[in-house]
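Below is one structure; the comments refer to it alone.
The values are calculated or read from the model by the stated rules, or taken from the named source; none is laboratory data. Model, not experiment: these values are computed from the prediction. Every residue, glycine among them, receives a Cβ derived from its backbone with ideal geometry; neighbour counts consider all protein chains shown.
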Amino acid sequence: MTPIPSFARHERRPIATVERDGDVVTLGWADGASFTCLSEWLHEQSIGIDPSTREGTVEPSDLAPPGSLVGAFVDDGALRVEWATGERATVDPGWLRSIADGDHLPGSGVGRPRPWTASDLPEPPSFDGSRVLDDESVLEAWLGELCTTGLARLRSTPTTDDLMAELAARIGPIRGSNFGGVFTVESVVEPDSTANTGRALGQHTDLPTRETPPGFQFLHCVENTVAGGASRMADGLAVVEELRSNHPEAHEALTTLEWVFANRAPDGDHRWVAPLIDHGATGSPLTLRAFYPVRLAPHMPIEDQPRAYAAMRTFSAVAHDARFMITSVFEPGDLVGFDNRRILHGRDAFDPGVGRRRLRGCYIDRDDVLSRLRVLRRPGRAATPTAAAAAPATATPDPATPVAGAPPPPTRSIGGVAP
Ligand SMILES: [Fe+2]
């Protein structure tokens, strides 16, 4: 079998039929699925694949030219292709079927975002984290929830200062910031951020001063003996939908009028300009830029500024509305992860003079969290212990997972499915 551009071990899915029309090849499976592709694509993804790296090696100008495909047929369930150059490939039918099914797309296997309100999700979905460093099934279940609900909590993790870094190492590289790699959130005498005081923090997202704010944030409670300081979360997807549906003027202002965000530090000067609700390019995930401590100035004509402020007031009111916001108290050993660009988070005030509230945290970019989850779920990967034991008590069904009936087989061609 010719090397495939994948490290997964795909289930064997024998091809039933192959039809060729010039340079266009259409494959068919017994369940009715079909897949259409071009000779040049087959050439670069079979002949051109290095067996060690599984990456392509052929410059586009060196691909077998149009008109050079001389044969395409079924060979013991696989696809056999031949070119006039004398090159031949036998392509894994399981891998071809995974492409036909769209398994190669960014959203495949990681679940779709599942918006929630306080009535849907009264508390963060929680998992027993006592064995998260040793049991990949816990890690997979927790990260999976994180990528759909945008919020997931481990409970009963060790309350050591190093736990955050140890767990991050099992996910991916830490996204550093002006707070460092793993940072500490606690009230200090000379704070470098509003977070390191006992003040209440309104619903916000971190680091809107960056072109791309960190994808996920993790906070591990090492110690908490203060009164107050409860954590608050709201799903930005639900907040944005509420604004779009019931406050269209505010939604329009929040998605189009831009602000300058800038941090203030003796040795740092990060800046970015964007709207508070930033949908980015097509296919990009939502980015909320909601952190008033670093929102510096409107970047719009003076006549637009009154409605920009009015829209922010509406945004803040919805983000703090009990219909959307849930409250929970950090217990020592809790480790909460959340989508920093989607989930609005905040906290109640606390008295730093009585007791101690100490969190260890870090950021990890979205790409690295999704990559880790895909690897944990990669077909053919060695089974991990007791996935059932990792089921969260408060998780709800993933609408991306069919619960009744079989999905229709795909009829697709390369480029024919949305990300
Ligand atoms: Fe924050």
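Here are a few things to note about the model shown:
- Any hit, segment 166-189, residues being among the acidic types (D, E), more than 16 Å from the ligand (Cβ to nearest atom), touching a strand residue (DSSP E or B) at 6+ places or on another chain (Cβ under 7 Å) and closer than 20 Å to G129 by Cα: no
- Residue list for segment 321-362, restricted to those being in contact with a strand residue (DSSP E or B) (Cβ under 9 Å, 6 or more places away or on another chain), among the small types (G, A, S) and in a loop (DSSP other than H, G, I, E, B): G333, A349, G355
- Residue match in segment 134-152 (condition: in a loop (DSSP other than H, G, I, E, B) and without any contact (Cβ under 8 Å) to a residue 24 or more places away in the chain): yes
- Qualifying residue in segment 332-350 (condition: over 23 Å from L143 (Cα atoms) and hydrophobic (A, V, I, L, M, F, W, C)): yes
- Matching residues, segment 289-320, being part of a loop (DSSP other than H, G, I, E, B) and modelled with pLDDT under 95: A290, F291
- Candidates R199, R244, R264, R232, filtered to the one that is modelled with pLDDT of 95 or more and either more than 27 Å from the chain's Cα centre (by Cα) or within 16 Å of the ligand (Cβ to nearest atom) (or both): R232
- Checking every residue in segment 310-321 against the condition of being without any contact (Cβ under 8 Å) to a residue 40 or more places away in the chain, exposed (fewer than 15 other Cβ atoms within 10 Å of the Cβ) and of a type in the set (A, V, I, L, M, F, W, C) gives at least one match.
- Residue within segment 197-206 that is within 24 Å of R313 (Cα to Cα), in contact (Cβ under 8 Å) with a residue 40 or more places away in the chain, touching a Phe, Trp or Tyr at 6+ places or on another chain (Cβ under 6 Å) and among the acidic types (D, E) present: no
- Candidates in segment 202-215 are the residues that are out of contact with any Asp or Glu (no Cβ under 7 Å at 6 or more places or on another chain) and assigned to a loop (DSSP other than H, G, I, E, B); of these, the one that is farthest from the ligand (Cβ to nearest atom) is E211.
- Test for F218: is it within 12 Å of the ligand (Cβ to nearest atom), in the same structural domain as P298 (by TED's automatic domain parsing), under 29 Å from R360 (Cβ atoms) and of a type in the set (F, W, Y): yes
- Remark: D161 matches the filter, which requires a residue to be touching a residue at least 24 places away in the same chain (Cβ under 8 Å), assigned by TED's automatic domain parsing to the domain that holds F315, away from the ligand (no atom under 16 Å from the Cβ) and more than 28 Å from W116 (Cβ to Cβ).
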